1. Select, from 225, 281, the only residue that is surrounded by fewer than 21 Cβ atoms within 10 Å (Cβ to Cβ) and in contact (Cβ under 8 Å) with a residue 12 or more places away in the chain.
2. For residue 392, work out the one condition from (1) among the polar types (S, T, N, Q); (2) under 17 Å from residue 331 (Cβ atoms); (3) surrounded by 15 or more Cβ atoms within 10 Å (Cβ to Cβ) it doesn't fulfil.
3. How many residues does segment 260-277 hold that are open to solvent by less than 30 Å² (accessible area, probe 1.4 Å) and of a type outside the set (A, V, I, L, M)?
4. If you go through segment 228-250, how many residues are open to solvent by 10 Å² or more (accessible area, probe 1.4 Å) and touching a Ser or Thr at 6+ places or on another chain (Cβ under 8 Å)?
5. What pairs come up if the first residue lies in segment 78-91 and is touching a residue at least 40 places away in the same chain (Cβ under 8 Å), the second is open to solvent by 40 Å² or more (accessible area, probe 1.4 Å), and their beta carbons are under 6 Å apart, counting only those six or more places apart or on different chains?
6. What number of residues within segment 364-389 are over 23 Å from the mean Cα position of the chain (by Cα) and open to solvent by 20 Å² or more (accessible area, probe 1.4 Å)?
7. Would you please name the residue that is nearest to residue 95 (Cα to Cα), looking only at residues in segment 269-287 that are of a type outside the set (A, V, I, L, M, F, W, C) and assigned to a helix (DSSP H, G or I)?
8. Given (1) modelled with pLDDT of 90 or more; (2) surrounded by 22 or more Cβ atoms within 10 Å (Cβ to Cβ), identify the lone condition not met by residue 134.
Amino acid sequence: MHVFSSFLRWVPVGLLLGLFLPVMAQPDYRLPLHKPEKYRDKELGAERTEYKKFTLPRRLFQGMITHYNYYYNAQTKMEAIVQKAKANHRDDYTELLPFYNYSTAQTVADSAELDSILYKATAGIVLHDLRNSYIDNLYLLIGKAYFFWEKFDSAHRIFQFINYNFFPKGKDEYQIVVGSNSRSEKGLLQIATKENKNIIHRAFSKPPSRNEALLWLAKTYAEDNLYAEAYTLVNLLRKDPLFPARLHPHLDEVLAYTFYKQQQWDSTAFYLNRALVNAPNKTELARWEYLLAQLYTLLQRPEAAAAMYNKAKNHTTDPVLYIHARIYEAQLVHGSNTDPLQQTLTELLQLSRKERFDGYEDILYHAAAGIALQKKDTALARSLYEKSNRYNQERPSLKNKSFLQLADLAYRQRDYAYAAGCYDSLNLSDPNLTNTAQLEQRKAMLQQLVQHIAVVHREDSLQAVAALPEKERSEYLRKLVKQLRRQRGLKEEEPFATPVSFAGGTQGQEQPLFATAAGGTWYFNNPQQKARGLNEFRARWGKRPNI
């Protein structure tokens, strides 16, 4: 069984290496299987395709087994990989969002599951009749698995294999040139597969995967930075009268992604707006609307940006996106208020007190601090950044930003001790920090500077206390002691314990060791008290060396 499993794993590679892909569609194709010796005489389902009649019972049985035992399981694994990548993705709504809420850099981490998809899809192909209606779907899954594994060359070859070998042809046609206009009455170039629009057919069968394979081929070009190829293929499909209308929004999505990767914001916004219908749910729709609003902001179209922020705010179920959409919408829509920044600041502080946003106070206070900085109210900004950090329990990147802002503010205000503490609290391994070398240098410099400042401050304080008259100095020290004890949670005054007599007397007959002598002389300046203390010590502990 182990040998056969290894054989199944290598079938896609053998297929790609052993199959010459010409520019013409093939009337049929044979898998170049190289079976292990143990299974040399065992005939697989795919090998029976050539001579076994494809009767209705066989068609139903092969389709059902291929679908539920292989295609369904592989497709479920594929969806789980993408959902896991989406769940691990974290958006920073203060920066331009990535186009997708996942990336192939995340899906490639699930290489074991992707390999399992390749194994299951390949087994579904070689173990069953190649004429059943799920073979092309399994090949499409193989291509997607390579795509999410970042093996774009292999993905390209699989999608091209589907393109050439599943091109529709008549019963007596031996070969058809892909991209021929020979079938078109108007002489238009046709490369897509015409789909059966019959309601019953659509209800009980999946559409052919070839059109989707062409779409994924264009997406592979875009992901692999082959932008010219992506443009060309998308434009060909858009003009093809046979390409199904249901997939046209996906063409807009591919074009939007291609332009996004090239930072052509105007074209990205145009096609993304047309591709919004592709969003699988309201959460992802709101995310794309937020991205579209950011693009409109970059293009200096504030009214369109504000409208998209409003749509994103109304569609989202994510409180973080809602907060940022409301912030940026408020900044764009000034209304009749003469001070829009103050209006936005007031709204943010009001939101922070609402129960709905419990757990998101750190985001609100951070955003409010940014507004305070725009108003040049640095004192309020510092206070709000500190509040943001106090509430922040699970967003280390946001806390890092707050500490950096606090450090920079304090540094500019020459509050070097506070700035040093904030720089010391920074996590310099945060990938969002770009100038880490400069921060390291400033942090080390401030640590040395603060040490010298502390020495100067301590010496100045000691000299100032020493210069006070004795009565004022004593009163100052007494208040200082009370303050320090209060800070530590101790009683303000704690009487000395009455020492125990070790000379045979009772406790009531002894005087406190540190009792104030006549004239208020301090203990260490009173020879009699010092002598008594020494005797008490020797009575209890005996003579001990001075070590």
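1. Details: 281 fails: in contact (Cβ under 8 Å) with a residue 12 or more places away in the chain.
Of 225, 281, the one residue that is surrounded by fewer than 21 Cβ atoms within 10 Å (Cβ to Cβ) and in contact (Cβ under 8 Å) with a residue 12 or more places away in the chain is 225.
2. The number of the failed condition is (2).
3. Our first condition is that a residue be open to solvent by less than 30 Å² (accessible area, probe 1.4 Å); within segment 260-277, this holds for 268-269, 272, 275-276.
Narrowing the set further to residues that are of a type outside the set (A, V, I, L, M) leaves 268.
Looking only at that region, the number is 1.
4. 3
5. Partner pairs satisfying both residue conditions: 81/113.
6. Of the residues in segment 364-389, 12 are over 23 Å from the mean Cα position of the chain (by Cα) and open to solvent by 20 Å² or more (accessible area, probe 1.4 Å).
7. 287
8. (1)
The values are calculated or read from the model by the stated rules, or taken from the named source; none is laboratory data. Note that the structure is a prediction, hence the values are computed from the model and not measured. All Cβ positions, glycine included, derive from the backbone under ideal geometry; neighbour counts span all protein chains shown. Remember, those area values only see protein heavy atoms, side chains included, never the ligands or the DNA or RNA. Shrake-Rupley method; radii C 1.70, N 1.55, O 1.52, S 1.80 Å.
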